[in-house]
Amino acid sequence: MTAFSLEPARLAWCAELRALAAERLRPLAGKGEPGRVDRALVAELGTLGLLPRLFTSGALDLCLMRESLAHACTEAETALALQGLGAHPVHAHGTPAQRARWLPGVSDGSVVAAFALSEPDAGSDAAALSLTAELAERDAAASGAAPAPAPPDAAPAPASLAAHPEGRSGWRLTGEKCWISNAPDADFYTVFARTTPGAGARGVTAFLVPADRPGLTGSRLDMLSPHPVGTLRFDAVPVTADDVLGEADRGFRVAMDTLNLFRPSVGAFAVGMAQAALDATLAHTARRDAFGGKLKDLQTVAHQVAEMALRTESARLMVYAAATAYDEGAADVPRRSAMAKLLATETAQYVVDRAVQLHGARALQRGHLLEHLYREVRAPRVYEGASEVQRGVIAKELYRNVEDR
């Protein structure tokens, strides 16, 4: 297989996913409440065996899942993607105890995960995080009680913590996260907090924070996109070395590793929406009577449809190429991932907008497929790195290659 073709087995799998999305997932999604986690939908994704594949499939198969589901049911696609985004850091960087505690529930759909990186003043500039993780006094020492023994498979205390002379045992998280998908309904959050002030990206630590930790509260945001988004507030939320994902002060690597995997698949989500809009436009323009013939017979319409198809296929190929590069461990994954997300999300915006224009007023009616896609398609150009951030990543990688020569 190359980056530019799929073997018959994969093509058949994509067709099967589109059928499952239309027949079993879309009816469930229609019963869900916009802006809330649809736990019945998440559970069905687990029953169908799609959630476990988040941890056993490569980047290309993740893209194929997201594209295929998005074509028929964007809600199902988003539910799957958010489970993966929130839980991938646990799968890739967690301890055996963390993985055993949380991943089975994520896989069967009984546990909802979330990825908590963005803040009110640190969205695109992820290295500017201000959620603070301050070292906390050992509770047991304050009460005079003996500390509980650490589990045998617990992560070793980070050097910055273990070396502290005052017997400190953990951190207190204080601050706010904003625009967090699945918040505040998730069961646990992958949270990125500043453990070393003034250190930029080098002073961030990733924590696994269960939703029932004292001091953690949240609220929902009413967004244009119908999927759940909210804020999280941390009022001295306690975390310990057992909650660290990866290593202390190296959490930015956890975040970037996750985003490098999921950015191409955001592009796949966009391609799925673009294809759905293109298919609807082909059907509409082929049967719509206009000016003594069919709408498709007007050259201006036919050329617009051709352009929509051209851009959709170009985006698809770039997404597949980026995912294949990730699976092969290529050195240029950050650049390819950024290019794939940028091209695909901008393409989907164009294609959906053209589709609305060619359908006319009917496409703006609440409940129409294109009305739904029009609301869905805008957000991917912002989240997981806005289009401007992707251009910055691409340029940085290009100039790095020049400097290395």
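Structure above, values below:
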item: Residues of the range 322-339 that turn out to be of a type in the set (A, V, I, L, M, F, W, C), out of contact with any Ser or Thr (no Cβ under 9 Å at 6 or more places or on another chain) and under 16 Å from ARG263 (Cβ atoms), as a count; result: 3
item: The one condition in (1) surrounded by fewer than 22 Cβ atoms within 10 Å (Cβ to Cβ); (2) in contact (Cβ under 8 Å) with a residue 40 or more places away in the chain; (3) among the hydrophobic types (A, V, I, L, M, F, W, C) that MET339 fails to fulfil; result: (1)
item: The listed residue being farther than 20 Å from ALA87 by Cβ and out of contact with any strand residue (DSSP E or B) (no Cβ under 9 Å at 6 or more places or on another chain), out of GLY49, GLY58, GLY32; result: GLY32
item: Residues (crowded, with 23+ Cβ neighbours inside 10 Å and charged (D, E, K, R)) located in the range 39-75; result: ARG66, GLU67, GLU75
item: Close pairs (7 angstrom Cβ cut-off, 6 or more residues apart or separate chains): in contact (Cβ under 8 Å) with a residue 24 or more places away in the chain and surrounded by fewer than 23 Cβ atoms within 10 Å (Cβ to Cβ) in the range 268-291, of a type in the set (Lys, Arg) and assigned to a helix (DSSP H, G or I) anywhere; result: THR285/LYS296
item: Selection within the range 360-381 - buried (at least 17 other Cβ atoms within 10 Å of the Cβ) and either of a type in the set (S, T, N, Q) or without any contact (Cβ under 8 Å) to a residue 24 or more places away in the chain (or both); result: ALA363, TYR374
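Here, each number is a calculation from the coordinates, and none is a lab measurement. Computed from a prediction, not measured in an experiment: that's the story for all the values here. Neighbour counts are summed over all protein chains in view; Cβ atoms, including those assigned to glycine, are modelled from backbone coordinates with ideal geometry.
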